[in-house]
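The values are calculated or read from the model by the stated rules, or taken from the named source; none is laboratory data. Predicted model only: the values in this text are computed from it and were never measured. No Cβ is skipped: glycine too gets one built from the backbone with ideal geometry, and neighbour counts run over all protein chains shown.
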Amino acid sequence: MFLFLVFGLLNLIGLQGNKFKDLSNNNCIRLTPQLGCRGKILDRNGEVIVDSRISYDLAVMPSGSVQLENTFAAISKLINKDVKDLRKSFNYGYFSPSVPVTVARNINLSKVIAIEQIRSDYQGIVIQPTPVRNYPYSSLGSHFLGYVNEIDRWRLTKLKDYGYKTKDIVGFGGVEEKYDYYLRQEQGGLSVEVDHRGRFVRLLGFKPPRNGKDIQLTINLKIQKIAESSLGERKGCVVIINPNTGEILAMASSPDFDPSLFVNRSGSGISNLFSNSSAPLMNRAISATYPAGSIFKVVVSTAALETKKINQNTSFLCQGSAIIGRSQFKCWNTHGMQNLIGGLTHSCNVFFYKTGLLTGALNIHDYAIKLGFGHNTSFELPYEVPGFIPSPIWRKINKFQNWFDGDTANLSIGQGDVAVTPIQVVRMMSVFANKGYLVTPYIVKNIDGRDISKYQTRIEKLNLKISNIELIRQGLRRVVSEPTGTGNVLSSLPVSIAGKTGTAQAPPGQPHAWFVGFFPYEKPKFAICVLLDHGGPGYYSCLVGKQIIDQMSKEGLI
């Protein structure tokens with residue numbers, strides 16, 4: 001009897017040990033995760049811009065290597081994916097013996113049906129319905145929306161105390177990143193006991209998943225479509241805001257990108273985005289700086305009037321150029337005698353060279369800062385850059401160089417070291433649309449049904465003299481209304497427009513084209529900024545602005 005027991009024990013341990021070990025491993029608790037849906041992103045009128053759809057993912061349970069290879073061989077034929085790729089996905093995604101490992105994503109329904117037919121022959125195959133981001137308008141608004149992807153190490157280190165885990169899907173850029181805490185869903189799932197054949201034995205626990213919170217933006221989807229369509233394939237951006245509140249109505253940046261590339265894990269497509277020299281992932285409205293060019297003349301006008309260095313009657317003679325120090329500074333045309341209104345209307349460089357020299361670089365710098373340049377606008381989306389406004393003090397401290405009259409002349413027409421963002425420019429123009437108030441741009445008005453716009457709206461009174469504002473407004477109106485105005489191409493539109501054009505030199509390439517304005521002139525509801533990156537003279541940005549405003553008028557949006 002003793003020998004019989006010994007031989008029986010040796011048989012169980014030695015000859016059939018691996019078999020019973022596999023059976024024991026398979027007779028265990030299995031966790032089946034269930035995800036809720038990420039919150040929707042809506043426009044100001046409740047139209048869905050981003051929501052979720054169901055993706056069918058194929059997962060396998062970790063088991064013996066022979067069984068896995070057989071399973072991979074069977075499913076590779078059904079989903080047209082190489083066994084090596086399946087094995088690679090399995091090794092990358094392995095987390096725990098009790099957690100299914102996703103090896104293929106976004107399988108179409110016909111393949112799901114085919115896999116279901118062989119599930120009884122191969123243990124451990126799991127079809128997981130997973131909610132993923134859906135973009136019904138493809139790349140529309142991609143820069144202010146952002147995209148979602150698997151959490152990276154930097155974010156995981158920063159956010160692990162807030163419940164974020166390895167392989168979580170999180171937002172990158174735009175609203176998706178800034179409001180990820182509200183948008184993200186809470187994972188639930190089933191805890192079940194299965195036998196050695198993988199068959200259900202009993203339910204041990206269930207935690208229902210929770211959907212993320214919906215977010216409503218200030219964006220008007222119709223205006224956004226018009227802005228992106230008008231910008232087309234040109235490199236640049238368009239920003240349209242409500243000058244009285246700071247609400248962003250449209251924000252288009254080109255080139256753009258399709259956020260679904262990250263959902264579908266398109267390796268080559270994603271690589272092309274990051275290697276593209278045109279930087280399609282960059283939101284040019286807030287993350288790119290440009291020389292201001294002639295649009296900066298509005299700042300110089302404000303500084304000169306407020307410091308009483310000039311008045312409405314002050315005039316200078318433009319003969320096509322001006323000698324400043326030992327250098328000749330040119331104007332783009334010969335304008336004759338020009339006052340402030342004429343200087344703005346014709347964008348006369350000579351008038352502003354001389355006005356800037358009277359006003360002084362420090363005063364120009366200070367009023368530029370007051371009008372919102374040189375620092376962030378406090379816009380809520382991430383990766384806004386502050387831009388830069390030079391000054392004599394900065395030059396002395398940082399470059400150990402003196403400041404000359406030629407530097408003031410360059411500053412007076414927005415060249416030299418001046419660097420601004422389009423959102424700063426449209427914010428500055430809003431001051432003259434609303435007659436003296438600096439607004440803070442914002443893009444989210446509602447979270448989970450709770451109106452937060454009253455907390456977002458921040459308006460600062462600048463205490464500028466109303467007579468000075470009205471004088472500059474007259475000049476901005478004549479830019480469009482006068483036949484010789486630099487923005488006269490906009491005069492044929494059915495709405496009254498005021499604004500300023502700009503041609504910012506950016507050698508060795510073409511200059512940057514600017515147009516910034518507001519409309520209707522009598523009671524402004526919109527402020528617009530059009531920037532064409534290396535797009536040539538400001539005339540071309542006026543053409544884009546004209547197309548946008550004309551289409552808005554035709555669709556009854558003004």
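Give the residues of the stretch 352-388 that are assigned to a loop (DSSP other than H, G, I, E, B) and buried (at least 18 other Cβ atoms within 10 Å of the Cβ), sorted by residue number.
Scanning the stretch 352-388 gives 371, 372, 373, 374, 377, 379, 381, 384, 387.
Let's see how each residue does on (1) out of contact with any helix residue (DSSP H, G or I) (no Cβ under 9 Å at 6 or more places or on another chain); (2) surrounded by fewer than 24 Cβ atoms within 10 Å (Cβ to Cβ):
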{"position": "405", "(1), (2)": "no, yes"}
{"position": "412", "(1), (2)": "no, no"}
{"position": "415", "(1), (2)": "no, yes"}
{"position": "419", "(1), (2)": "yes, yes"}
{"position": "423", "(1), (2)": "no, no"}
{"position": "427", "(1), (2)": "yes, no"}
{"position": "433", "(1), (2)": "no, no"}
{"position": "439", "(1), (2)": "no, no"}
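Of all residues in the stretch 476-502, which are crowded, with 24+ Cβ neighbours inside 10 Å and closer than 25 Å to residue 441 by Cα?
Within the stretch 476-502, 476, 497, 498, 499, 500, 501, 502 qualify.
Would you pick out the residues in the stretch 120-152 that are within 21 Å of residue 54 (Cα to Cα), charged (D, E, K, R) and over 18 Å from the mean Cα position of the chain (by Cα)?
Within the stretch 120-152, 150 is the sole residue that qualifies.
Residues in the stretch 98-106: is at least one polar (S, T, N, Q), part of a loop (DSSP other than H, G, I, E, B) and buried (at least 18 other Cβ atoms within 10 Å of the Cβ)?
No, the stretch 98-106 contains no residue that is polar (S, T, N, Q), part of a loop (DSSP other than H, G, I, E, B) and buried (at least 18 other Cβ atoms within 10 Å of the Cβ).
Select, from 146, 124, the only residue that is surrounded by 15 or more Cβ atoms within 10 Å (Cβ to Cβ) and under 30 Å from residue 285 (Cβ atoms).
146
Working only within the stretch 341-396, note down all residues that are more than 29 Å from residue 478 (Cα to Cα) and among the hydroxyl-bearing types (Ser, Thr, Tyr).
378, 383, 391
Quick check on the stretch 110-124. Is at least one of its residues touching a Lys or Arg at 6+ places or on another chain (Cβ under 8 Å), more than 25 Å from residue 165 (Cα to Cα) and modelled with pLDDT under 75?
Taking the stretch 110-124 as the starting set, the residues that turn out to be touching a Lys or Arg at 6+ places or on another chain (Cβ under 8 Å) are 123.
Keeping just the survivors that are more than 25 Å from residue 165 (Cα to Cα) gives 123.
Going one step further and asking which of them are modelled with pLDDT under 75, we end up with 123.
Yes, the stretch 110-124 contains a residue that is touching a Lys or Arg at 6+ places or on another chain (Cβ under 8 Å), more than 25 Å from residue 165 (Cα to Cα) and modelled with pLDDT under 75.
Look at the stretch 437-447 and say how many of its residues are more than 22 Å from residue 44 (Cα to Cα) and either in contact with a Gly (Cβ under 9 Å, 6 or more places away or on another chain) or at pLDDT below 95 (or both).
Final tally of qualifying residues: 1.
Taking the residues in the stretch 443-469 that are over 26 Å from the mean Cα position of the chain (by Cα) and either in contact (Cβ under 8 Å) with a residue 12 or more places away in the chain or assigned to a loop (DSSP other than H, G, I, E, B) (or both) as candidates, determine which candidate is nearest to residue 220 (Cα to Cα).
461
Looking at the stretch 185-221, which of the residues that are at pLDDT 95 or above and touching a Leu at 6+ places or on another chain (Cβ under 6 Å) is farthest from residue 528 (Cα to Cα)?
Within the stretch 185-221, the match that is farthest from residue 528 (Cα to Cα) is 216.
Scanning for something among the aliphatic types (A, V, I, L, M) and under 28 Å from residue 385 (Cβ atoms), does the stretch 313-327 turn up at least one residue? Write out each step before concluding.
Quick first cut of the stretch 313-327, residues among the aliphatic types (A, V, I, L, M) only: 317, 322-324.
Within this subset, residues satisfying the condition of being under 28 Å from residue 385 (Cβ atoms) are none.
No: zero hits.
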